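What follows is one structure encoded as C-alpha cells, with my remarks underneath.
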Amino acid sequence: MGEMSKFQLGVIGALFLSVASSVSIVICNKALMSNLGFPFATTLTSWHLMVTFCTLHVAQRLNLFESKSVDMKTVMLFGILNGISIGFLNLSLGFNSVGFYQMTKLAIIPFTVLLETIFLKKQFSEKIKFALLLLLVGVGIASVTDLQLNTVGTILSLLAIATTCVGQILTNTIQKRLNVTSTQLLYQSAPFQAAVLFVSGPLVDQYLTKQNVFAYKYSPIVLAFIILSCLIAVSVNFSTFLVIGKTSPVTYQVLGHLKTCLVLAFGYTLLHDPFTERNIIGILFAIFGMGLYSYFCIQENKKKQSADLVSQMKDKDTTALLGHQEKEGLEAKKATKDSLV
C-alpha cells in the first residue's frame, strides 16, 4: 500500500472517530445535564482534559507513543488559549439565546477562512467557498431558531470566535512546523488547558447556573455518566487534534456541522425531540454542501498531486540532463588533453 493510500485511510479513520465520539459525548452530556440535572459544563470539560492527559501519560509510559519535547512557552500559550476559548464558548451560550449561539458557531468557518487567507496566504477556490456557503445556510436553517442580541453576549461571542479560530489554526500549524504528532501536542498542552478550566470552570458555572459544583449532591448514576463522559472525551480530544493535523481547521469545522445534523437526527430518533420540515430542509442543504466541499477538496488535491508529480519529473529530467552535460564536458576535456599529449 502506497504512502498516499495510507494517508487517505488515516484521514478517513480520523474523521470517523471524530464523528462517532462527538455524537456519543453530546448524547451522553445531554442525558447528564438535561435528564440528571448536572449543569456544570465548564467544570466537566476540565475533568475531560485531565482524564485525557492521565490516559495519554499512561500510554506514554507503556511506550505506545514517544513523547517529544516542544518549546514550553509555545505549548503553554497554546494550551491556555484553548482553555480560554472553551470558557468563552460556554459564556457565549450562557449570555445568548441558543439561536445566536448557533450563529456564533457558524461564524467560525468564514472567520477561519479569512484569517488563513490574510496571515497564512492560503487560497480557497470559489467552488470551495460556494460549498461552504451552502453548508452554512443549511445548518443555519436547521438549527438557528431565534436571534436575541445583547451587548455582553455579542462581545463574548466575538471573543469565542476569535480564540477558537486562532486555536484551531495553531493546532494545525504547530503540528506541521514543529513536526509533532497530534498525540504529542495534545499530551503536552492538555495540562495547561485543564488548569485554566479548573480555575475558571467552577466560577463560570456558578455565575451561569447559580449553583455550586462543590455543593452538588452526586448520585451513583450521575457519577457513572460523568465517568462515561470523561472516557468518551479522551477519544473526542484525540480525534480533534488528529483531524485538524491531517486536514485543516476549516475541514474540522465542516465535520463539526455534520455532527450537528447527526445530533439533530439522533435527538429526533432516540430522544423524540421536535423535528420540523425546516430541520429536514436545512439538514439536506447542509449535507449537499458537505458533499460538494468533499468533492471539490478531492479534485483540488488530485490537481495538486499531479502538479507536484510533474514538477518532480521535471526536476529529475533537469538533474539527468545536467549530469549528462557534465559527463560530456569531462570527456571533451579528456580528449583535448590526450590530443595535446
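The values are calculated or read from the model by the stated rules, or taken from the named source; none is laboratory data. Worth saying up front: this structure is predicted, and the values here are computed from it rather than measured. So basically every Cβ, Gly included, is an ideal-geometry build from the backbone, and we count neighbours across all protein chains shown. To get the accessible areas, we keep the full protein, side chains included, count just its heavy atoms, and leave off ligands, DNA and RNA. Shrake-Rupley method; radii C 1.70, N 1.55, O 1.52, S 1.80 Å.
If you go through region 119-152 and keep only what is open to solvent by 70 Å² or more (accessible area, probe 1.4 Å), assigned to a loop (DSSP other than H, G, I, E, B) and either hydroxyl-bearing (Ser, Thr, Tyr) or in contact with a Gly (Cβ under 6 Å, 6 or more places away or on another chain) (or both), you end up with THR145, LEU147. For region 271-283, the criterion of being in contact with a helix residue (DSSP H, G or I) (Cβ under 8 Å, 6 or more places away or on another chain), within 17 Å of THR52 (Cβ to Cβ) and surrounded by 14 or more Cβ atoms within 10 Å (Cβ to Cβ) is met by no residue. Which residue is most open to solvent (accessible area, probe 1.4 Å), if the candidates are limited to region 153-162 and must be touching a residue at least 60 places away in the same chain (Cβ under 8 Å) and out of contact with any Leu (no Cβ under 6 Å at 6 or more places or on another chain)? Here the residue is LEU159. For region 86-107, filtered to residues that are of a type in the set (Gly, Ala, Ser) and buried (at least 22 other Cβ atoms within 10 Å of the Cβ), the residue that is modelled with the lowest pLDDT is SER92. The residues on offer are GLN184, GLN168, GLN148, and the sole one that is in contact (Cβ under 8 Å) with a residue 24 or more places away in the chain, in contact with an Asp or Glu (Cβ under 8 Å, 6 or more places away or on another chain), of a type outside the set (D, E, K, R) and over 21 Å from ASP205 (Cα atoms) is GLN184. Within region 249-262, residues that are more than 12 Å from MET290 (Cα to Cα) reach no partner that is aromatic (Phe, Trp, Tyr) and open to solvent by less than 20 Å² (accessible area, probe 1.4 Å) with beta carbons closer than 8 Å at six or more positions or on different chains. Restricting THR171, THR164, THR183 to residues that are out of contact with any helix residue (DSSP H, G or I) (no Cβ under 6 Å at 6 or more places or on another chain) and either assigned to a helix (DSSP H, G or I) or among the aromatic types (Phe, Trp, Tyr) (or both) narrows the list to THR183.
Taking each residue of region 22-42 that is farther than 20 Å from ASN212 by Cα and looking for partners that are in a helix (DSSP H, G or I) and of a type in the set (Lys, Arg) with beta-carbon atoms closer than 9 Å, six or more apart or interchain, yields SER22/LYS259; VAL23/LYS259; VAL26/LYS259.
Within region 3-62, restricting attention to residues that are more than 21 Å from the chain's Cα centre (by Cα), of a type in the set (A, V, I, L, M) and assigned to a helix (DSSP H, G or I), the residue that is surrounded by the most Cβ atoms within 10 Å (Cβ to Cβ) is LEU32.
Between a residue in region 123-143 that is closer than 15 Å to ASN279 by Cα and any residue that is among the charged types (D, E, K, R) and part of a helix (DSSP H, G or I), which pairs come within a Cβ distance under 9 Å, given they are 6 or more apart or on different chains? Every condition considered, the pairs that remain are VAL139/LYS105; ILE141/ARG278; ALA142/ARG278; SER143/LYS105.
Is at least one residue of region 203-215 assigned to a helix (DSSP H, G or I), buried (at least 20 other Cβ atoms within 10 Å of the Cβ) and out of contact with any Lys or Arg (no Cβ under 9 Å at 6 or more places or on another chain)? Yes, region 203-215 has at least one match.
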